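Accompanying notes for the structure given below.
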């Protein structure tokens, strides 16, 4: 029983891995035969193989770097989009006379903003939420915009009550 068969039987290698290894071995053997026909030495063949392996490794490394850059770019775009929604659609604290207390998930403290009685009611119903950009200000956002921001960057939404279903 060959080593390949033993690995397959023990489950350490899959059929696909075995086929890939067989193709690689066959390819190397073909290269050696071709090189002998051309009159190249084994050292030249090995040198060509090493160069080819280095090129493939560099390409693989470049693909990984590109993938990481793309992930960072997507994350940056999400952050920018969420921030722009908060700035453009959000309304800074209104300075009303009724205190509205809420827990900030980014800290351990209970926060307070002063709103009007009507705004206090819609905040408690979940039709308006509170967002922050970590600049010390609280922004009031409509429910739809809160959900958009929450999908992009959830840590910006600090208070949004779920609407009660009747």
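Given the options 129, 118, 142, state which has the largest fluctuation in a GNM of the chain using a 10 Å cut-off (strictly under) for Cα springs. It is 118.
Summed over qualifying helices (DSSP H, 4 residues or more, each -39500 (n - 2.57)) and divided by its residue number, the chain shows a 222 nm mean residue ellipticity of -20500 deg cm²/dmol.
Of the residues 122, 86, 45, the one that moves most in a GNM of the chain with alpha-carbon contacts below 10 Å is 45.
Directionally averaged projected area (segment 1-84, Cα convex hull): 9.4 nm². Between 0 and 90 degrees, the angle of helix 42-89 with respect to the longest Cα principal axis of the chain falls at about 10 degrees.
When the chain is treated as a Gaussian network with alpha carbon springs shorter than 10 Å, the biggest mean-square fluctuation among 116, 79, 107 belongs to 107.
Once both axes come from the Cα atoms, what is the angle between helix 15-38 and the longest principal axis of the chain, in degrees from 0 to 90, rounded to 10? That works out to roughly 50 degrees. Once the gyration tensor of the Cα atoms in the chain is diagonalised, the equivalent ellipsoid follows with semi-axes of 65, 20, 12 Å, ordered largest first.
Every number here is computed from the coordinates shown, using simple stated rules; none is lab data. These numbers were taken from a predicted model, which means no experiment stands behind them.
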